[in-house]
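S.K.: Quick one: this structure, given as structure tokens, is what I'll be asking you about.
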Amino acid sequence: MLKIGEFSKLSRVSIRMLRYYDAIGLLKPAETDRFTDYRYYSEAQLPVVCRITALRDMGFPLAEVRALLPVYGDSEALDARLAQRQRELEAQREAVCHQLRLLDSARRRLRKEESMNYNVTIRTLPERYAATCRLTIPRYEDEAQVWRVLCQETDHLPLIPSDPCYCCVAFLDGEFKERDVTVEAQKTVKGHYADTEHVKFRTLPAVTYAGCTFQGGYEQISDVTAALTAWIEANGYAYDGPMFDIYHVSPHETDDPAQFVTEVCYPVRKK
């Protein structure tokens, strides 16, 4: 048997934490002297405390560690829970990376390393024939889903892009929504094609819009939208349809967000 100090050294877990594990029922001493209250641990408990440390290092809360210890003999059940934890951490990583990009962008603007002057112009997108795919997606950040469906259902054709080719997404809800966002991807093409389950080929009408083109990551869109809406109000225009984005250089062409070129567009008419 090992005294608590000896067990602490071998397990590399502090005495204070071992006492806490005992108090919450996570790791009880093999024996406790009823006269002195001295705790004694067995060498067989070293693998158990190592598992506890490993699970804590993976980010599992102690309550979940307690539930996982009994399934260490069931590799399938343990692997399923570890895979779930991995997915959770990957989602957290994406959220943290997004927050870091926002912070970096905000600090660059504060240092005036990039201009806050977004130029707004009135343009007309001509009548065009396009492959369109309308879906309701969980969030705006999941826009890639609608492009994935469009590509999967038209890969066998194949589509001939128009010249120029406009790749757009229209946001069809009348308000900002936190969940269940309805969007339509549009890719202009030459020729005529049969509809698929989700992709409809149709002629889109000409649209006059106020647009602002910017280069860089999508974290700028809020600033661009603010500049656009202020310009529309100041110049006597009214909104005339759902907003849309034109992707001149998108993640389809490059993995580098600094190279993205996006045009944020609001259909407008003179008041």
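S.K.: Check which residues have an amide H placed less than 5 Å from Y166's amide H, if you skip close sequence neighbours.
M.R.: T188
S.K.: At 10 °C and 1.306 mPa s, what whole-number value in µm²/s does Stokes-Einstein give for the translational diffusion of the stretch 189-271, with Rh from the Kirkwood sum over Cα pairs? Could the numbers behind the result be given before it?
M.R.: On the way: Rh = 14.7 Å.
Answer from the Stokes-Einstein relation: 108 µm²/s.
S.K.: Per residue, how much accessible area does the stretch 1-90 show when a 1.4 Å probe rolls over the protein heavy atoms, in square angstrom? Walk me through the intermediate numbers first.
M.R.: Numbers: 5800 Å² over 90 residues.
For the stretch 1-90, the solvent-accessible area averages 64 Å² per residue.
S.K.: Here's a follow-up. How large is the accessible surface of C97 in square angstrom, using a 1.4 angstrom probe and rounding to the nearest 10?
M.R.: Accessible surface of C97 is approximately 60 Å².
S.K.: Quick one: what are the phi-derived ³J(HN,Hα) couplings along the stretch 239-248, Karplus 6.51/-1.76/1.60 with θ = phi - 60°, whole Hz, x for glycine and proline?
M.R.: Taking θ as phi minus 60°, the curve returns 5, 9, x, x, 5, 8, 10, 10, 9, 6 Hz for the stretch 239-248.
S.K.: Take the chain, mark every one of the GluC sites (Glu not before Pro) that falls in a DSSP loop and has at most 16 other Cβ within 10 Å, then report the longest stretch left between them, sites excluded.
M.R.: With a cap of 16 other Cβ atoms within 10 Å, the longest stretch comes to 1-112.
S.K.: Please calculate the 1.4 Å probe accessible area of R81, with all protein chains present, and give it to the nearest 10 Å².
M.R.: 40
S.K.: Got a number for carbon plus sulfur as a percent of the chain's accessible area, 1.4 Å probe? Mind showing how you got there, number by number?
M.R.: Working: 8540 of 16510 Å².
That fraction is 52 percent.
S.K.: Run down the aspartates and glutamates and flag those whose C-alpha is under 16 Å from the C-alpha of K190, throwing out any fewer than 8 positions away in its chain.
M.R.: Once the sequence-local aspartates and glutamates are set aside, what remains near K190 is E127, D155, D163.
S.K.: Based on C-alpha coordinates, I'd like the Rg and Dmax of the stretch 49-178, in Å.
M.R.: My reading of the Cα-based Rg and Dmax gives 23.5, 69 Å.
S.K.: Just to confirm the filter: which trypsin sites (Lys or Arg not before Pro) across the stretch 161-255 are DSSP coil and have at most 15 other Cβ within 10 angstrom of their Cβ? Provide the component values of the computation, followed by the final result.
M.R.: Details: sites: K177, R179, K187, K190, K200, R202; in loops: K177, R179.
Passing sites in the stretch 161-255 are K177, R179.
S.K.: Nearest 500 deg cm²/dmol is fine: what mean residue ellipticity at 222 nm does the chain get from its DSSP H runs of n ≥ 4 alone, each adding -39,500 (n - 2.57), divided by its residue count? Working shown, then result.
M.R.: Numbers: 7 runs with 97 residues, N = 271.
Mean residue ellipticity at 222 nm (helix-derived): -11500 deg cm²/dmol.
S.K.: Just tell me which lysines come within less than 23 Å, Cα to Cα, of K9; anything on the same chain fewer than 8 places away is out.
M.R.: K28
S.K.: Moving on. Tell me, which longest segment in the chain has none of the chymotrypsin sites (Phe, Trp or Tyr not before Pro) that fall in DSSP loops with at most 11 further Cβ atoms within 10 Å?
M.R.: On the way: sites that count: F35, F176.
By the stated rule (loop sites, at most 11 other Cβ atoms within 10 Å), 36-175.
S.K.: Let me ask something else about it. I'd like the accessible area for R134, computed on protein heavy atoms only with a 1.4 Å probe and all protein chains in place. Round to 10 Å², please.
M.R.: Its accessible surface works out to 130 Å², give or take rounding.
S.K.: For Rg and Dmax of the Cα atoms in Å, pick the label among [x] 18.1, 56; [y] 19.3, 61; [z] 28.8, 91 that corresponds to the value derived from the coordinates.
M.R.: This structure yields the entry labelled [z].
The values are calculated or read from the model by the stated rules, or taken from the named source; none is laboratory data. Keep in mind it's a predicted model, so treat the numbers as computed, not measured. No Cβ is skipped: glycine too gets one built from the backbone with ideal geometry, and neighbour counts run over all protein chains shown. With ligands, DNA and RNA removed, areas are computed over all heavy atoms of the protein, side chains included. Shrake-Rupley method; radii C 1.70, N 1.55, O 1.52, S 1.80 Å.
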